[in-house]
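Chemist: Structure in structure tokens, see below.
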Amino acid sequence: HLPPPAQEAEDPEHPFALDVNLTGARSLLHLLDTTTSRGGSARLRAWFLQPVLDAAQIQTRQAMVREILPLATFRDHLALAGALVARDPDARWEEERLLAWLQQQPGQASMLGWVVCLGLLAATNITLVSLYALGLLPAWWSLSFPLYLLLYLYKHGAAHGLFVDAYQLEQALHHLRAVLLYLETRRYSATPRLAALCAPFWQAARRPSLALRRIARIAGAAGVQQSNILGMVVNALLPWDLYFAHRLNQYKAEIKTDLPVWLDTWYELEALNALANFGYLHPDYVFPDIQAGNATPLQPVVQACALGHPLLPEEARVCNDFTFARLGEVVLITGSNMSGKSTFLRTLGINLCLAYAGAPVPATAMQTTPLRLFTCIKVSDSVTDGISYFYAEVRRLKALLHALEAPEPVPLCFLIDEIFRGTNNRERLVGSRSYIRALASGHGVGLISTHDLELVTLAETLPSLHNAHFREEVQDGRMVFDYHLRPGPCPTTNALKIMQMEGLPVDVHG
């Protein structure tokens with residue numbers, strides 16, 4: 001019953017996004033994304049799709065999420081304040097367009113000289129008119145006033161659009177008012193990490209409340225420009241529009257440095273709140289232990305206890321223990337159709353994404369070092385591009401091998417489902433053996449699922465290759481799967497059984 005996710009362009013070349021249920025309808029981000037701002041949603045997506053694979057940064061984000069996790073009122077209040085922005089269709093452009101607009105406005109330092117000069121002339125005019133009215137001086141104002149008008153008309157173009165610009169900026173800040181003022185006035189004494197993150201709101205000299213007051217004053221004064229008669233009279237006496245155009249330019253220079261920091265902090269908070277809300281709703285999930293450095297006998301690459309898929313209902317979820325003990329290790333998973341091979345590959349992949357984003361995972365314990373992720377699970381052909389399924393799979397596996405061989409300090413974790421399924425048995429077997437040998441000598445770890453039981457014999461010649469399997473039983477004429485991962489090659493197959501059970505003509509004797 002969640003609202004549909006925002007439509008985002010999918011990158012078919014992304015190393016893992018499409019394969020591990022990260023994006024799209026009924027995906028992990030669809031479930032997690034409670035952000036109300038476009039920038040907050042983009043920040044959350046980036047943490048999953050372009051993770052920073054640095055153990056210290058991940059640990060810091062975990063600490064922030066842990067601190068925010070029990071603050072349900074804070075998260076709800078910020079979400080409500082953000083919703084006031086998001087529900088206004090006129091406000092949705094503000095974030096990107098406003099920043100671009102501020103950057104495009106050059107400072108006009110030269111206007112200050114004109115404002116001072118015209119201000120002095122205006123004061124001179126008023127003085128001379130007053131002295132003339134008292135009969136103390138002749139009509140010398142008839143000389144200074146035309147000079148003032150001439151100079152003002154020469155420069156008045158610099159104040160063109162003053163009211164529109166001031167109103168635009170005031171409206172942008174008004175849309176963000178609830179968010180900015182809440183973050184400025186909230187007390188942070190019991191949450192030191194949150195206090196440090198929100199320091200630009202409550203600790204800086206230029207706080208949001210001050211910014212809101214200043215722009216309101218400028219916008220109010222600029223309103224004179226909307227009245228032709230009153231505007232002409234006021235500007236004939238004083239360089240009103242030029243003065244407030246100068247003030248607006250000064251204010252833009254200030255807000256141009258403050259607003260990006262405020263928005264960036266808000267985006268960060270929204271993304272952190274989404275992860276914290278996920279943890280709050282799943283108190284049995286655990287934060288993975290993110291280890292820096294290479295694996296050792298006491299520190300495996302990945303070790304998980306009772307690891308489950310976060311998108312499966314809890315009552316139907318089957319959890320498994322799993323370990324990559326050292327770099328170079330490849331686990332070959334065999335098993336019958338529907339036994340759980342593909343789901344387990346996705347389970348490991350999606351939980352690594354959660355771990356590196358700083359979120360808790362559905363497990364009783366998990367430890368991992370940072371790993372780059374690359375998958376080959378959901379390969380599709382293309383009729384329009386003339387690409388067959390097999391060729392698409394070959395291209396994907398080639399990209400995976402290049403990623404494994406790349407001179408990157410962070411190892412690769414690869415997940416391959418039904419390797420070379422798009423070709424015949426003999427060629428699939430030959431190609432798979434050669435490809436797995438290349439993977440086993442690379443800088444990474446990985447899971448490969450297959451129906452080819454002939455491949456399990458590779459473990460006899462490749463010390464870094466291990467076999468594991470899922471199995472099934474036939475009870476009362478129906479298939480029963482327990483989805484538990486077991487060591488060793490699969491002892492059973494079920495393709496012919498499924499064909500027979502569905503009434504297809506199958507001659508088991510050939």
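The values are calculated or read from the model by the stated rules, or taken from the named source; none is laboratory data. Please read all numbers here as calculations on a predicted model, not as lab measurements. Every residue, glycine as well, gets a Cβ built from its backbone with ideal geometry; the counts of neighbours run over all protein chains shown. What goes into the accessible areas is simple: the full protein's heavy atoms, side chains included, and nothing from ligands, DNA or RNA. Shrake-Rupley method; radii C 1.70, N 1.55, O 1.52, S 1.80 Å.
Chemist: For a quick protection proxy, order the peptides 6-16, 176-186, 74-84 by their average other-Cβ count within 10 Å, most packed first. Walk me through the intermediate numbers first.
Modeler: Details: 6-16: 12.6, 176-186: 19.3, 74-84: 17.5.
Most protected by this proxy first, the peptides run 176-186, 74-84, 6-16.
Chemist: Can you tell me which of 271-280, 409-418 comes out highest on packing, and rank the rest after it, using the mean Cβ neighbours within 10 Å? The partial results should precede the final answer.
Modeler: Numbers: 271-280: 23.6, 409-418: 21.4.
My ranking of the peptides, most packed first, is 271-280, 409-418.
Chemist: If you don't mind, another one. If you fit an axis through the alpha-carbon atoms of helix 94-104 and take the longest principal axis of the Cα set of the chain, what angle between them do you get, 0 to 90°, nearest 10?
Modeler: 60 degrees
Chemist: Tell me which residues come under 5 Å, amide H to amide H, from Val445 once H is placed; ignore anything under 5 positions away on its chain.
Modeler: Gly328, Leu412, Cys413, Phe414
Chemist: Antiparallel versus total DSSP beta bridges in the chain: what percent is that, nearest 5? Intermediate values should be presented prior to the final figure.
Modeler: Numbers: 17 of 40 bridges.
Given both bridge residues lie in the chain, the antiparallel proportion sits at roughly 45 percent.
Chemist: Sticking with this one: Give me the net charge for the shell around Ile498: Cβ to Cβ below 13 angstrom, other residues only, Lys and Arg +1, Asp and Glu -1.
Modeler: Numbers: positive: Arg478, Lys497; negative: Glu472, Glu502.
Overall, the nearby charge balance is 0.
Chemist: Compute the helix-to-body angle for 110-133: its Cα long axis versus the longest principal axis of the chain, expressed 0 to 90° and rounded to tens.
Modeler: 30 degrees
Chemist: Note the listed values (1) 34.1; (2) 28.1; (3) 24.5, then indicate which one is mean projected area of the Cα convex hull in nm² calculated from this particular structure.
Modeler: The listed entry that was calculated here is (1).
Chemist: Using only the alpha-carbon atoms of the stretch 247-356 as identical scatterers, what base-10 log of I(q)/I(0) does the Debye formula give at q = 0.14, 0.16, 0.22, 0.23 Å⁻¹?
Modeler: With one equal scatterer per Cα and no solvent, log10 I(q)/I(0) is -0.75, -0.89, -1.28, -1.33.
Chemist: Could you give each residue of the stretch 401-417 its phi-based ³J(HN,Hα) in whole Hz, using Karplus coefficients 6.51, -1.76, 1.60 with θ = phi - 60°, and x for Gly or Pro?
Modeler: So the Karplus estimates, Gly and Pro as x, are 5, 5, 5, 5, 8, 5, x, 9, x, 8, x, 9, 10, 10, 10, 10, 9 Hz.
Chemist: Could you derive backbone 3J(HN,Hα) for the stretch 192-199 from the dihedral phi with the Karplus parameters 6.51, -1.76 and 1.60 (θ = phi - 60°), listing whole Hz in sequence and x where the residue is Gly or Pro?
Modeler: For the stretch 192-199, the Karplus curve yields x, 5, 5, 4, 5, 5, 8, 3 Hz.
Chemist: So, one more: Tell me, what HN-Hα J-couplings in whole Hz come from the Karplus equation 6.51 cos²θ - 1.76 cosθ + 1.60 at θ = phi - 60° for each residue of the stretch 456-471, using x for Gly and Pro?
Modeler: Ordered by residue, 3J(HN,Hα) equals 5, 6, 4, 4, 6, 10, 10, x, 7, 9, 10, 9, 8, 7, 10, 9 Hz.
Chemist: What number comes out for accessible area per residue over the chain if the probe is 1.4 Å? Units Å², please. Each step should come with its number before you reach the end.
Modeler: On the way: 25270 Å² over 510 residues.
Roughly 50 Å² per residue, with all protein chains present.
Chemist: Turning to a different aspect of this structure: For helix 38-49, what angle does its Cα long axis make with the longest principal axis of the chain, in degrees from 0 to 90 and rounded to 10?
Modeler: For 38-49 against the chain, the angle is about 30 degrees.
Chemist: Something else now. Name the residues whose placed amide hydrogens come within less than 5 Å of the amide hydrogen of Gly340, ignoring near sequence neighbours (fewer than 5 apart) on the same chain.
Modeler: When sequence neighbours closer than 5 places are left aside, there are no close amide H contacts.
Chemist: Here's something else I'd like to know. Under the rule of at least 5 residues apart or a separate chain, name every residue whose amide H is placed under 5 Å from the amide H of Ile419.
Modeler: Residues meeting the amide H criterion: Ser449.
Chemist: Enumerate lysine pairs in the chain that are 8 or more residues apart or on different chains, then count those whose Cα atoms are under 21 Å apart. Don't skip to the answer; put the middle values down first.
Modeler: Numbers: Lys155/Lys252; Lys341/Lys378; Lys341/Lys497; Lys378/Lys398.
The result is 4.
Chemist: On the protein heavy atoms, probe 1.4 angstrom, tell me the percent of accessible surface of the chain carried by carbon and sulfur. Provide the component values of the computation, followed by the final result.
Modeler: Numbers: 14730 of 25270 Å².
Answer for the chain: carbon and sulfur cover 58 percent of the accessible area.
Chemist: Follow-up. If you find the alpha carbon centre of the stretch 257-326 and of the stretch 466-487, how far apart are they in angstrom?
Modeler: With the stretch 257-326 and the stretch 466-487 each reduced to a Cα centre, they are spaced 29 Å.
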